[in-house]
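Take a look at the structure set out below.
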Amino acid sequence: MRKKNIILLILVINIVILSITACTSSKNQESLTRTEFLMDTVITLKVFDNKDEKVMDKAIDRLKEIENRMSVTIDSSDVNLINQNAGIKPIKVNDDTYFVIEKAKYFAEISKGAYDPTIGPLVELWDITGSDEKERESIPTEEEINKMKTLVDYNDLILMEDNLVYLNRKGMKIDLGGIVKGYAADEVKRIFLENDVNSAIIDLGGNIYALGDKPSGEAWKIGIQDPFTVTGNYIGILNTIDSSIVTSGDYERYFVHKGERYHHIIDAKTGYPAKNEISGISIISNKSIDGDALSTALFVMGIEEGTKLVNSLEDINTIFITKEKEVIISKKLESQFTLSNDNLKLKTNPF
Ligand code: ADP
Ligand code: MG
């Protein structure tokens, strides 16, 4: 690992430990905690009831397995094999990879491409990882963007029998970065439940699953990240039991060019980072895979269109934070959410 990445890692770990502790600890609530750098982010697992290191090991091993199969940057991954064989031949992938790609295609369809797993060529062109310098000399040219845009289309992602996956055209690339952490959180939840862990916080770089309730029987208090200040500050607290809370925003992975911020969620229609009234969006759902895909989709769609989409689905609630410093929550969250930052204004979603 490069030196600046190590420094970044230590920083992030400290922030995460501090913020999670602040959020979940109270007397008599010692947890068994594991922190690792995986899936290009800081993973923190906190178990409050069955504190068994072996269960932690199982969960971490599963996360590594998911990363090895679904990361676009690992040469031997299913995803990379599909990409290398785009326009050449279908690739047989593992059951879990197939499941995630199937879900990804579903969310691409219902969001009409706001979430699009074939976004790979544009993600690669923009190369916004956030771990590097914040200031950049140049951005991709119109010509480059237009060329890559033609390679993005989920209709050309073909799922066949026997776990075969095919990209129709050479140069196409899938990127599951907008969905895989959600799937991974669901998998950790499954492993925990199978091993008698019923009270835990699964935090995959801000993609959180609050499993069960606190050992005291109270609801978890989950801080919703403030998009306007450094990681670890909250705009408010969500009281919740047994649910996934996934947040996407323009504040973590980005660079600045000529005073303008370019973040990592790309609108396939324009080829540029999505631009609308949203600064941050949190999705509260039962399945984290749904929350992850939808957080990316809604970030691209904006509040009105995005809300219409989630209203057509079951049991999905949202917290939008706008550039105008409004916090817009689903009606159902009114009794669960408390704003803690005076600089913002709380509203109920009108759509
Ligand atoms: P994060 O991974 O930072 O938590 P997201 O879940 O919103 O945030 O995922 C962003 C990632 O998804 C990007 O880093 C990229 O890999 C991928 N991505 C970017 N734009 C899109 C898009 N329009 N549809 C699907 N995936 C996207
Ligand atoms: Mg996402």
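Computed values, structure above
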| item | result |
| --- | --- |
| Cβ crowding within 10 Å averaged over residues, with 143-156, 171-184 ranked highest first | 171-184, 143-156 |
| Label zone at ASP242, where the point sits 7 Å out along the Cα-to-Cβ direction: segment 267-299 residues whose backbone N lies under 16 Å | 285-288 |
| Surface share of carbon and sulfur [accessible, 1.4 angstrom probe, percent] for segment 34-102 | 46 percent |
| Cβ-derived FRET efficiency at R0 45 Å, ARG34 paired with GLU142, nearest 0.05 | 0.45 |
| Solvent-accessible surface ranking, highest first, for VAL72, VAL93 at 1.4 angstrom | VAL72, VAL93 |
| Whole-Hz ³J(HN,Hα) from phi, Karplus 6.51 cos²θ - 1.76 cosθ + 1.60, for segment 343-351, glycine and proline x | 6, 10, 10, 8, 9, 8, 4, x, 8 |
| Accessible carbon and sulfur surface of segment 160-203 relative to its total accessible area, %, 1.4 Å | 45 percent |
| Heavy atoms of GLU305 accessible to a 1.4 Å probe, total area in Å² rounded to 10 | 100 Å² |
| Order of exposure, largest accessible area first, which applies to THR41, THR73 with probe 1.4 Å | THR73, THR41 |
| Per residue accessible area of the chain, 1.4 Å probe, in Å² | 46 Å² |
| Heavy-atom SASA rank of LYS275, LYS325 (probe 1.4 Å, accessible area, largest first) | LYS275, LYS325 |
| Phi to ³J(HN,Hα) by Karplus 6.51 cos²θ - 1.76 cosθ + 1.60 over segment 61-70, Hz, x for Gly, Pro | 4, 5, 4, 5, 4, 4, 4, 5, 8, 10 |
| Vicinal HN-Hα couplings computed from phi for segment 209-215 (Karplus, 6.51 cos²θ - 1.76 cosθ + 1.60; Hz; Gly/Pro x) | 10, 9, 8, x, 10, 5, x |
| Dipole-positive endmost among ASN276, ALA200, TRP220 within the chain (Cβ charges, Cα centre) | ASN276 |
| Gain upon complete extension [ASN343, ASP57; 0.36 nm per residue less C-alpha separation] | 98.8 nm |
| Between segment 41-58 and segment 224-267, the alpha-carbon center distance in angstrom | 25 Å |
| Heavy atoms of ARG62 accessible to a 1.4 Å probe, total area in Å² rounded to 10 | 30 Å² |
| Amide proton proximity set for GLU326, modelled H, under 5 Å, gap of 5+ | LYS345 |
| Centroid-to-centroid separation of segment 144-219 and segment 86-115 [C-alpha atoms, Å] | 11 Å |
| Alpha carbon convex hull of segment 237-323, volume per residue in cubic angstrom | 102 Å³ |
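The values are calculated or read from the model by the stated rules, or taken from the named source; none is laboratory data. Every value quoted in this text rests on a predicted model; they were computed, and no experiment measured them. Here the Cβ is made from the backbone with ideal geometry for all residues, glycine too, and neighbour counts use every protein chain on show. What goes into the accessible areas is simple: the full protein's heavy atoms, side chains included, and nothing from ligands, DNA or RNA. Shrake-Rupley method; radii C 1.70, N 1.55, O 1.52, S 1.80 Å.
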